Structure formats: structure tokens, C-alpha cells
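The values are calculated or read from the model by the stated rules, or taken from the named source; none is laboratory data. These numbers come from a predicted model, not from an experiment. Glycine gets a Cβ as well: all are built from the backbone with ideal geometry, and neighbour counts include every protein chain shown.
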Amino acid sequence: MLPNRDEIKAKLREYEDARDRIINTGIRLNRLSKSTIYSVIRGDWDSADRYLEDMRRELQDLMNLVRQYPFYYDKAAVSLQEYAEAYIMYVYNRDGRIPTLSEVGVDEVAYLNGLMEFTGELSRKATEELIKDNLDYALKAKEVMEEIYLDMLYMEFKDFEMRKKVDYVANNINWLNEKIFYKTLNRKVPLSPS
């Protein structure tokens, strides 16, 4: 008979339970992150504030679980990135700035992945603003995205997935540039006096 088999079995059940709790907490965090972003894009700050509060609680639970069971970090990584993306989107649109790594409260990889994913949501918001004829918002968004792109190039990622995300940022810039171009074509340009 295997020595300590009951203890080993109990530990395995603990690990399985922890994995399930990390996955389920991550799912809740992902949903709240998407709801926060959607609320920000619509300008519904009351809902965004409520979702953000709930998001922070779920993040704390997830971080506690990951600290206790670090070998399950990979099960939490995407949720941490989603949280970072939503938090960055919230702060950028509320305060006009990108929050720091310590403000977001996740690790560097989740922060940078969230930051790069944020450019896609920023493009969506800029498009919504262009529809409302708010060209200034779109131009500022483009400028912020270009700064993020240059910062990500500076990082010189070796990880293939991170490098693909840098290309994603470039694509978001190009996509927004096209929207801005077409929007400015429709504007009346005053003629120069002859």
C-alpha cells in the first residue's frame, strides 16, 4: 500500500478545488471586465463604477488563490489581463491617463497584455466618438496608441505571443487612421484666399 495515500489524495483534492476556484473566479472577473468596458464606451459611469468595485473584489480573490497556488498562474493569466485592460480603459476615459503598473495591481505580463488589448477598446471608443463628430477624441486616442506601440517596441519581446500583440496594436492604429481619414474627408475645408 502507498504510504500516506490518504494525505496525498486529500492534497490532490485540494489542488483540484483550488484550480476550479481559480477558473470560476476568472470567469466572473472576465464578465465584469467586459461589462466595465462596455459601460465606459457608452458613457454609463454609474454602471462602470459598480462593475469596477465588483471587479476589484474578484481580483483580490483571484490574486489570493494564485499566491497560495502559484503553479496555477496559467489558469488566471487571461483574467488578470482582462482586468488590466478594463481598468486601463476606465482610468484613461475618466482621467485622461494610463494608470501605472502599481495602480492596476497585476504583474508586468498581465499589465502589458492588458495595455495592448486596451488599444482595441480605445479604437472602438474612438469610432463611437467619431460617429458623434468628436474628432478630437479620436486624434488623442491615436496619439496614445502610437505611444503605446513605441513603448512595446522598446520592450523587445522575445515571446512570440507578446510580439503578435505588438502587431495587434499596430493594426489598431492603422484601423483608426483609416476611420479618421474618412471622417476628415467629409469635413468642409476652408479654401485659401487667392
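Before moving on, here are some points about what is shown:
- Evaluation of residue 13 against (1) farther than 21 Å from residue 113 by Cα; (2) in contact with a helix residue (DSSP H, G or I) (Cβ under 9 Å, 6 or more places away or on another chain) (one fails), failing number: (2)
- Failed criterion for residue 134 (all others in (1) under 11 Å from the mean Cα position of the chain (by Cα); (2) closer than 22 Å to residue 178 by Cα hold): (1)
- Output for the range 137-159, where each listed residue is farther than 24 Å from residue 43 by Cβ and more than 19 Å from the chain's Cα centre (by Cα): 154, 156, 158
Residue by residue, here is whether (1) under 27 Å from residue 52 (Cβ atoms); (2) outside the structural domain of residue 89 (by TED's automatic domain parsing); (3) in contact (Cβ under 8 Å) with a residue 60 or more places away in the chain holds:
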| site | (1), (2), (3) |
| --- | --- |
| 125 | yes, yes, yes |
| 128 | yes, yes, yes |
| 134 | yes, yes, no |
| 142 | yes, yes, no |
| 152 | yes, yes, no |
| 155 | no, yes, no |
| 181 | no, yes, no |
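- Failed item, numbered, when residue 66 is tested on (1) in contact (Cβ under 8 Å) with a residue 24 or more places away in the chain; (2) outside any helix (DSSP H, G or I): (2)
- Among the residues here, residue 87 qualifies as within 27 Å of residue 131 (Cβ to Cβ) and not acidic (Asp, Glu).
- Residues that are buried (at least 22 other Cβ atoms within 10 Å of the Cβ) and among the hydroxyl-bearing types (Ser, Thr, Tyr) within the range 71-111 comprise 79, 83, 87, 90, 111, listed in sequence order.
- Hey, residue 114 out of contact with any strand residue (DSSP E or B) (no Cβ under 9 Å at 6 or more places or on another chain) and in the same structural domain as residue 49 (by TED's automatic domain parsing) or not: no
- Flag if residue 148 is surrounded by fewer than 18 Cβ atoms within 10 Å (Cβ to Cβ) and under 20 Å from residue 175 (Cα atoms): no
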